[in-house]
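Read through the structure below, which is laid out as structure tokens, and then see the notes.
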Amino acid sequence: MLVNAGEMLRVARAGGYAVGQFNINNLEWTKAILQVAEELKSPVILGVSEGAAKYMGGFGTVVAMVGAMIKDLKISVPVATHLDHGSYEGCLACIDAGFTSVMYDGSKLPIAENVAKMKELLAIAHPKGITMEGEVGSIGGEEDGIVGKGEIASADECRQLAETGVDFLAAGIGNIHGVYPENWAGLDFEALEAINEVTGGIPLVLHGGTGIPEDMIKRSISLGVSKINVNTEKQLVFAVATRKYIEEGGDLKGKGYDPRKLLAPGVEAIKATVREKMELFGSAGKAN
Ligand code: 13P
């Protein structure tokens, strides 16, 4: 069932769990995530960066693919299609194309401008029933050309963005896109607590979900995080499983070169990762 991300995240926040945003890159990724969500009866958010959408053919292709897949695979759990780290123009294009949720990443702008642009986009998105995510501070590392220094968000700036009526809020608290370096200082829970106190109970978003230890995930959820984004980890497990298949000569045995066989180990690895995250985040069983 295609929905926006508002209700599912408000319910998650009230219920003390988080919904995973799993980024997609192609049909295999999408199908694997949707099938696991249905199997575990979990709500799910499909994250799409502008780069990934371009790779797949465009925003319209993504909307058509997800819509048809939900129907063909009889996916009954709530599914949102969400633009990840969108530009202003990207948000407008996704709203037009039929996404159910968009993130406007104005984190590099001065807060007044971030707030002003968010208000403009909300005035377009909300009447259409489309939810929006905003960002303050920045997520370290790089994702699809979006580079962040990893600044800790100011609680007051988070309050200002929350007051726009944005549906959920990503705040930089030392989280990083991609693999965490060995000397990573961990999440800044003091900052998260301060942000949670002044943002009126709106669902908070934790980006950079790959490699965050379980105890930190659980503590963030207890402090208002209701959406956790995972991208790199699925790419890594897909690559490892595919490498193993080829190194073991899987593609050379019989018709092992058939893409449906060649990609199967990677798809199974993605499924295992999504299952593990849905259990950890506590969303499994919540779409009954
Ligand atoms: P990772 O790639 O580190 O899992 O981060 C995903 C993310 O935050 C998408 O916005």
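The values are calculated or read from the model by the stated rules, or taken from the named source; none is laboratory data. As the structure is a computational prediction, the values presented were derived from the model and not from experiment. Ideal geometry is used to build each Cβ from the backbone, glycine not excepted, and the neighbour counts take in all protein chains shown.
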Would you be able to say whether some residue in segment 226-235 is over 15 Å from the mean Cα position of the chain (by Cα) and of a type in the set (D, E, K, R)? no
Return yes when residue 112 is assigned to a helix (DSSP H, G or I) and surrounded by fewer than 22 Cβ atoms within 10 Å (Cβ to Cβ) and no when it is not. yes
Go through 175, 231 for me and flag whichever is near the ligand (Cβ under 10 Å from one of its atoms), over 17 Å from residue 82 (Cβ atoms) and crowded, with 23+ Cβ neighbours inside 10 Å. 175
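Tell me yes or no: at least one residue of segment 208-215 is within 16 Å of the ligand (Cβ to nearest atom), in a helix (DSSP H, G or I), surrounded by fewer than 21 Cβ atoms within 10 Å (Cβ to Cβ) and more than 16 Å from the chain's Cα centre (by Cα). Step through it out loud before you land on a result.
Taking segment 208-215 first, the residues within 16 Å of the ligand (Cβ to nearest atom) are 208-214.
Retained after the next criterion (residues that are in a helix (DSSP H, G or I)): 214.
Narrowing the set further to residues that are surrounded by fewer than 21 Cβ atoms within 10 Å (Cβ to Cβ) leaves 214.
Right, trim to more than 16 Å from the chain's Cα centre (by Cα) and you get 214.
Yes, some residue in segment 208-215 is within 16 Å of the ligand (Cβ to nearest atom), in a helix (DSSP H, G or I), surrounded by fewer than 21 Cβ atoms within 10 Å (Cβ to Cβ) and more than 16 Å from the chain's Cα centre (by Cα).
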Tell me, please, whether a residue that is more than 17 Å from the chain's Cα centre (by Cα) and aromatic (Phe, Trp, Tyr) can be found in segment 80-90. yes
Can you find a residue that is under 22 Å from residue 7 (Cα atoms), within 12 Å of the ligand (Cβ to nearest atom) and at pLDDT 95 or above anywhere in segment 186-195? no
Scan segment 181-192 and tell me whether some residue there is surrounded by fewer than 23 Cβ atoms within 10 Å (Cβ to Cβ) and touching an Asp or Glu at 6+ places or on another chain (Cβ under 8 Å). no
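Determine whether segment 46-55 contains at least one residue that is within 14 Å of the ligand (Cβ to nearest atom), part of a loop (DSSP other than H, G, I, E, B) and either buried (at least 17 other Cβ atoms within 10 Å of the Cβ) or free of Cβ contacts under 8 Å to residues at least 40 places away in the same chain (or both). It would help to see each step written out before you state the result.
Of segment 46-55, the ones within 14 Å of the ligand (Cβ to nearest atom) are 46-53.
Remaining after also requiring part of a loop (DSSP other than H, G, I, E, B): none.
Looking through segment 46-55, none of the residues is within 14 Å of the ligand (Cβ to nearest atom), part of a loop (DSSP other than H, G, I, E, B) and either buried (at least 17 other Cβ atoms within 10 Å of the Cβ) or free of Cβ contacts under 8 Å to residues at least 40 places away in the same chain (or both).
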Can you name the condition, by its number, that residue 242 falls short on among (1) of a type in the set (S, T, N, Q); (2) closer than 17 Å to residue 188 by Cα; (3) more than 12 Å from the ligand (Cβ to nearest atom)? (2)
